[in-house]
Amino acid sequence: MFHDMPDRVRRRMAYLERLDARHRKARTIEHFERLRQVPPATGKFLAIVAAGALKGTWLELGTSGGYSTMWLSLAARQAGRKIITFEVSEAKIDLARETFSEAGIEDLVGLVPGDALKYLPLYKQVAFCFLDLEKRIYKACYEAVIPNMVRGGILLADNVISHREETAPTVKRALADRRVDAQVIPIGSGLLLARKV
């Protein structure tokens, strides 16, 4: 999966990494314009976990520029799956569409513009979900996805260490939720991993 990564994907990842680094240094970039993408180590972890996901729907809540989607696409291609990804920012939607075209992964990705919370009830038999959007709606997204997950389905939520205060209600809920086995993983900005039992 990583050893035979397509050059188009590598080039686009490098481009988004440079763009993200510039955004992080610039003090004048507006909040909604920042990519806020995962670091490469987190991307690799996502791909490894997704590659072992059961048969079912794959969701990504928060596309941004499509960086994490590219990591997931490596697993999706190997597993014969498709990723449904949601984004509200028009600027990021345009950037993500460009990413999917440049990386040659349009056949693996379904981009849904709009609020993920409005659409989540429509997606059943969820086998994998990556949650990386506004932290204020993490818990609502968690509660919408978990009932629709297959047994053994995996949910990963990013930034649970870097944004501990904002994500605490979601982490607390998952760790006490008898529907899942959950653990915080100290990779990147911190991932919550929950497996449906």
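Output yes when any residue across the range 25-35 is in contact with a helix residue (DSSP H, G or I) (Cβ under 9 Å, 6 or more places away or on another chain) and under 25 Å from Pro186 (Cβ atoms), and no when none is. The answer is yes; a qualifying residue exists. Residue count for the range 145-181 under the criterion of being surrounded by fewer than 18 Cβ atoms within 10 Å (Cβ to Cβ) and either small (Gly, Ala, Ser) or without any contact (Cβ under 8 Å) to a residue 40 or more places away in the chain (or both): the result is 17.
When the test is whether a residue is over 18 Å from Glu98 (Cβ atoms), without any contact (Cβ under 8 Å) to a residue 24 or more places away in the chain and over 15 Å from the mean Cα position of the chain (by Cα), His23 does not pass it.
Here Phe32 fulfils each of the conditions (1) at pLDDT 95 or above; (2) part of a helix (DSSP H, G or I); (3) closer than 21 Å to Val112 by Cβ apart from (1). For the range 101-133, the set of residues classified as surrounded by 19 or more Cβ atoms within 10 Å (Cβ to Cβ), within 15 Å of the chain's Cα centre (by Cα) and among the small types (Gly, Ala, Ser) consists of Ala116, Ala127, listed by residue number. Within the range 69-91, the set of residues being without any contact (Cβ under 8 Å) to a residue 60 or more places away in the chain and in contact with a Phe, Trp or Tyr (Cβ under 8 Å, 6 or more places away or on another chain) comprises Thr69, Leu72, Ala76, Arg81, Lys82, Ile83, Ile84, Phe86, Ser89, Ala91. For the range 37-82, give me each residue that is within 12 Å of the chain's Cα centre (by Cα) and at positive phi. Scanning the range 37-82 gives Gly62, Ser64, Gly66.
Among the residues of the range 72-94, at least one is in a loop (DSSP other than H, G, I, E, B) and among the small types (Gly, Ala, Ser). Would it be correct to say that Arg136 is without any contact (Cβ under 8 Å) to a residue 40 or more places away in the chain, among the charged types (D, E, K, R) and surrounded by fewer than 18 Cβ atoms within 10 Å (Cβ to Cβ)? When the stated conditions are applied, Arg136 passes them.
The values are calculated or read from the model by the stated rules, or taken from the named source; none is laboratory data. For clarity, every value in this text was computed on a predicted model and none was experimentally measured. When we count neighbours, we look across all protein chains shown, and the Cβ atoms used for this are built from the backbone with ideal geometry, even at glycine.
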